Every structure is written in structure tokens, then in C-alpha cells.
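The values are calculated or read from the model by the stated rules, or taken from the named source; none is laboratory data. All figures in this text were calculated on a predicted structure; none of them were measured in a lab. Neighbour counts run over all protein chains shown; Cβ positions are idealised from the backbone, glycine included.
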Amino acid sequence: MILEGKKGLVVGVANNKSIAYGISKACHREGAKLAFTYVNDSIKKRVEPIASEFGSDNIYELDVGKREHFSALVESIKKDFGRIDFLVHSVAFAPKEALDGNFLDTSKEAFNTAMEISVYSLIELARELKSVMSENSSILTLSYLGAERYITHYNVMGVAKAALESSVRYLAYELGEKGIRINAISAGPIRTLAASGIGDFKMILKWNKTNSPLRKNVSINEVGNSAMYLLSPLSSAVTGEIHYVDCGYNIMGMCATKEVDGKIKIAWEENSE
């Protein structure tokens, strides 16, 4: 098994529909020993059965907005694992009102919240956990196409994901000195708890399915398999990359169309319910 004997921390799994769950499943399948975090007691109740499913009783409290939680996390990892071989950062948040309406109307409070939780948390985790990460270890975070292109309703999260992707590149250089790699996966739209806050998400799923080269939407298991590669020694020479796992949607320069009675018709219209 590819990750036999490896130990990893998964930050941000919410339930068994999370992308982080798909990643955990793939890593566990390949022999990794996993630990998980939870942000509060209500999420802890969801994380406990997931940890148990993957043979782990190592779950730690981590609210990325609370500085003291990072120190406690590092000490817990030292005590329970000594060192870890990979870290999965699956943390993103923006106030619901900032994911609707005009981007111009984004409040400073919503902007700062999105950047702190979705971006700075990666930087802080990398800095604090660097001391307990093995040489030749790997960090993975999750992005989305809205980081580089306009996506309806994505608003401030698009700006946050752009900052996240840039952070990956800067961290790749500085962490590389210690042999730590860091990459991001830009996954296609998936029905997750986080996605439920994005308006017209059902339409976005249909649009991606119709217009991606593979004519389908990606699953958490497919993202999990790609993530496992980036977290494993198989990708030992890969760092600072944004890896698309979106059935090819990111390559498209225009939507699928056809001419009907002399008029251009969007193919998606024929497949809509």
C-alpha cells in the first residue's frame, strides 16, 4: 500500500459527503493512520464516527480563529504521533450574505473573515505544524476555479481562493528547504455542506456536467484518489501546483452550443430539467 506506515492530519472534515472525507477514505485505503480535528462540539459529534470508521481515536479541537488551539494541537500530535507525514487543509468560510448580491457590496468584516478562515489558517497551520512534520512530507489544500475566473455567487470566496493559491506558491518555496511539499487541488463543484451556501448551485452542477469534456461532475472519491497521489511519495517532485480535478471543465473556452434553425442554442438548455 502506497501510504503504509504514514501518518496524517485531516483538518476540516464535516461529514461523509465532504471532500475531506473522500481524501481520508483514499488515504486510509492505502494504509495511512489518520487524525482529525473538529471546530466545536456540534461538529465533534459528526467527526467521531468518521474517525472510528477509519480506525482512529485521535481527534483534536481546532478552531482556526483561536490562537491557543494551534499550540495544543502541536503538543497533541507530538504526544500521539511524534511526527506526521501529511496534512490536509479543508477549511473555508465566508458569511452567507457575502455569497450573494454584488461583490462590490462585500463588507470589510465579511472580507476579513473569509481571508482569515480560508487563507490565513493554511499559513498558520503550516508554520505551527512544520516542527512536527517529517522530512519529505506533504501539505494539501482545496481550491476552486472561482480563484481565477468569475463564478456566479462565489464572490468573496473567489478572492479568498485566489489568495490561497498564491499562498501555496510562496509556501512551496519556503517549506521546500525542509523537504516539505505543498499543493492544492482545484475540484469541480460537488454537493457538500460548504456548497449548500452558494446560490443556484443546482444550475452550476448541470452547467459543469454538460460543458466538461468528460460530460460528468467529479465525485469526492475521484478527488480523494488525486489527493492521495499528492500526499504520497508518488509525487515527491511536485510542489507549488494547482491540480485540477474537475472532469476537464477548466480547459473550456466557451460553453457547448449547437445551431438550431439558424440560431445558436446552449446545449445545457436541452439537458435542463
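Can you tell me which residue within the range 64-81, out of those that are outside any loop (DSSP other than H, G, I, E, B) and hydrophobic (A, V, I, L, M, F, W, C), is surrounded by the fewest Cβ atoms within 10 Å (Cβ to Cβ)?
Let us first name the residues in the range 64-81 that are outside any loop (DSSP other than H, G, I, E, B), namely 67-80.
After this cut, where a residue has to be hydrophobic (A, V, I, L, M, F, W, C) as well, the list is 70, 72-74, 77.
Values: F70: 18, A72: 13, L73: 21, V74: 16, I77: 23.
It comes out as A72.
Would you check if there is a residue in the range 138-153 being in a loop (DSSP other than H, G, I, E, B), over 20 Å from G12 (Cα atoms) and of a type in the set (K, R)?
Yes - at least one qualifying residue is present in the range 138-153.
Evaluate the following for V91: is it at pLDDT 95 or above, in a helix (DSSP H, G or I), crowded, with 17+ Cβ neighbours inside 10 Å and hydrophobic (A, V, I, L, M, F, W, C)?
no
Does S131 meet the test of being surrounded by fewer than 22 Cβ atoms within 10 Å (Cβ to Cβ), of a type in the set (S, T, N, Q) and more than 13 Å from the chain's Cα centre (by Cα)?
yes
Is it the case that D246 is touching a residue at least 12 places away in the same chain (Cβ under 8 Å), among the acidic types (D, E) and in contact with a strand residue (DSSP E or B) (Cβ under 8 Å, 6 or more places away or on another chain)? Spell out the reasoning first.
On the way: touching a residue at least 12 places away in the same chain (Cβ under 8 Å): yes; among the acidic types (D, E): yes; in contact with a strand residue (DSSP E or B) (Cβ under 8 Å, 6 or more places away or on another chain): yes.
Yes, satisfied.
Can you name the residue in the range 171-189 that is touching a helix residue (DSSP H, G or I) at 6+ places or on another chain (Cβ under 9 Å) and over 16 Å from G146 (Cα atoms) and, of all such residues, is surrounded by the most Cβ atoms within 10 Å (Cβ to Cβ)?
I182
Scan I2, I84, I59, I23 and give me the residue that is in contact with a Ser or Thr (Cβ under 9 Å, 6 or more places away or on another chain) and under 25 Å from G188 (Cα atoms).
I23
When you go through (1) over 24 Å from V156 (Cα atoms); (2) at pLDDT 85 or above; (3) among the aromatic types (F, W, Y) one by one for W268, which number turns out not to apply?
(2)
State whether one or more residues within the range 148-155 are buried (at least 22 other Cβ atoms within 10 Å of the Cβ), over 30 Å from A72 (Cα atoms) and touching a residue at least 40 places away in the same chain (Cβ under 8 Å).
First, the residues of the range 148-155 that are buried (at least 22 other Cβ atoms within 10 Å of the Cβ): 154-155.
Of the ones still in play, those that are also over 30 Å from A72 (Cα atoms) are 154-155.
Then drop every residue that is not touching a residue at least 40 places away in the same chain (Cβ under 8 Å), which leaves 154-155.
Yes; the residues of the range 148-155 include at least one that is buried (at least 22 other Cβ atoms within 10 Å of the Cβ), over 30 Å from A72 (Cα atoms) and touching a residue at least 40 places away in the same chain (Cβ under 8 Å).
Yes or no: S52 under 17 Å from the mean Cα position of the chain (by Cα) and part of a helix (DSSP H, G or I)?
On the way: under 17 Å from the mean Cα position of the chain (by Cα): no; part of a helix (DSSP H, G or I): yes.
Criteria not met by S52.
Among T210, T192, which is over 30 Å from K130 (Cβ atoms), surrounded by 13 or more Cβ atoms within 10 Å (Cβ to Cβ) and touching a residue at least 40 places away in the same chain (Cβ under 8 Å)?
Only one candidate passes the filter, namely T210.
Of all residues in the range 103-119, which are free of Cβ contacts under 8 Å to residues at least 24 places away in the same chain and surrounded by fewer than 18 Cβ atoms within 10 Å (Cβ to Cβ)?
Within the range 103-119, L104, D105, S107, K108, E109, N112 meet the criteria.
So for the range 16-36 (the condition being farther than 21 Å from S226 by Cα and either of a type in the set (V, I, T) or in contact with a strand residue (DSSP E or B) (Cβ under 6 Å, 6 or more places away or on another chain) (or both)), does at least one residue qualify?
no
Based on what the data block shows, is E61 touching a residue at least 60 places away in the same chain (Cβ under 8 Å) and surrounded by 14 or more Cβ atoms within 10 Å (Cβ to Cβ)?
On the way: touching a residue at least 60 places away in the same chain (Cβ under 8 Å): no; surrounded by 14 or more Cβ atoms within 10 Å (Cβ to Cβ): yes.
No.
Table: residues versus (1) among the β-branched types (V, I, T); (2) touching a Phe, Trp or Tyr at 6+ places or on another chain (Cβ under 9 Å).
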residue	(1), (2)
E148	no, no
I151	yes, yes
G158	no, yes
S167	no, yes
L171	no, no
G176	no, no
I180	yes, no
N183	no, no
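Rundown of residues vs (1) surrounded by 14 or more Cβ atoms within 10 Å (Cβ to Cβ); (2) within 22 Å of Y144 (Cβ to Cβ); (3) of a type outside the set (D, E), yes/no style:
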| residue | (1), (2), (3) |
| --- | --- |
| K7 | yes, no, yes |
| V11 | yes, yes, yes |
| A14 | yes, yes, yes |
| A20 | yes, yes, yes |
| T37 | yes, yes, yes |
| N40 | no, no, yes |
| I43 | yes, yes, yes |
| R46 | yes, no, yes |
| G55 | no, no, yes |
